[in-house]
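Read through the structure below, which is laid out as structure tokens, and then see the notes.
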Amino acid sequence: MGRTITEMSYERAKKNLEKNAENIKKLAENGVLFINPDSCYVEENVKIGKGTVVEQNVMLQGDTKIGENCVIGMGSKLVDTEVGDGSDLLSVVAVSAKLGKNVLAGPFSYIRPNTVIADNVKVGDFVEVKNAVIDEGTKIAHLTYVGDSDVGKNVNFGCGTVTVNYDGKKKYRCKIGDDCFIGCNTNLVAPVTIKAGAYTAAGSTITDEVPEKALAIARARQVNKTNWKDKRDN
């Protein structure tokens with residue numbers, strides 16, 4: 001019977017822990033600033049560019065590569081992840097992902113495997129991205145899940161957006177064109193395409209293609225029940 005992931009992780013960590021201080025010292029000598037090196041764990045294959053700041057309680061594992069002049073904020077964990085120059089990550093977990101230059105991520109972002117994030121993208125607090133391609137200038141500010149999706153340039157995701165990628169048997173992709181605006185609490189039920197420049201109204205559940213520069217509204221019309229509270233009090 002093969003070893004469990006936990007067992008393999010334990011063995012790798014134990015092996016690398018002995019060389020941890022040596023790895024950090026070598027990187028520091030090459031221009032990386034560790035705020036509190038005793039609190040960090042950095043494996044041997046990790047590469048970090050000059051001018052990058054690594055704050056306390058950071059774990060860098062596997063073949064992680066970080067560019068120059070980045071900030072890897074406290075509480076971050078990067079595994080087999082590439083980060084471009086000038087990026088700023090705070091309390092971010094990223095696994096087998098690729099982040100471009102000047103990416104702003106966190107706090108508390110989860111960037112999962114097979115995610116490619118282009119330059120100048122924002123991935124904000126409590127955002128999860130999985131198996132997705134996010135093009136330049138897009139903002140996913142907070143409380144949003146983007147999974148199995150191809151997202152264009154300069155897209156804005158409102159708070160609480162979900163790409164509904166799983167029907168219980170299979171997973172499907174969403175396609176979102178350039179310059180789209182996805183309203184707060186939108187559900188994008190994959191497979192679905194939002195074409196360039198389109199908008200979705202807040203609270204919509206989108207199941208059909210949205211044409212270019214159109215506004216999609218998919219919610220019930222509001223109905224106000226007058227004197228409703230008075231009737232309940234009787």
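The values are calculated or read from the model by the stated rules, or taken from the named source; none is laboratory data. Note that the structure is a prediction, hence the values are computed from the model and not measured. Positions of Cβ are backbone-derived with ideal geometry, glycine not excepted, and every protein chain shown enters the neighbour counts.
List the residue pairs whose Cβ atoms are under 8 Å apart, where the first residue sits in segment 32-43 and is assigned to a loop (DSSP other than H, G, I, E, B), the second is at pLDDT 95 or above and among the hydroxyl-bearing types (Ser, Thr, Tyr), and the two are 6 or more positions apart or on different chains. If the second residue must be at pLDDT 95 or above and among the hydroxyl-bearing types (Ser, Thr, Tyr), the pairs left are Val32/Thr52; Glu43/Thr64.
Residue count for segment 90-145, restricted to those that are of a type in the set (S, T, N, Q), surrounded by fewer than 20 Cβ atoms within 10 Å (Cβ to Cβ) and under 20 Å from Thr163 (Cα atoms): 2. A single entry from Lys25, Lys50 fulfils the requirement of being surrounded by fewer than 18 Cβ atoms within 10 Å (Cβ to Cβ) and outside any loop (DSSP other than H, G, I, E, B): Lys25. Gly197 meets all of the listed conditions (1) part of a strand (DSSP E or B); (2) touching a Phe, Trp or Tyr at 6+ places or on another chain (Cβ under 9 Å) but one, namely (1).
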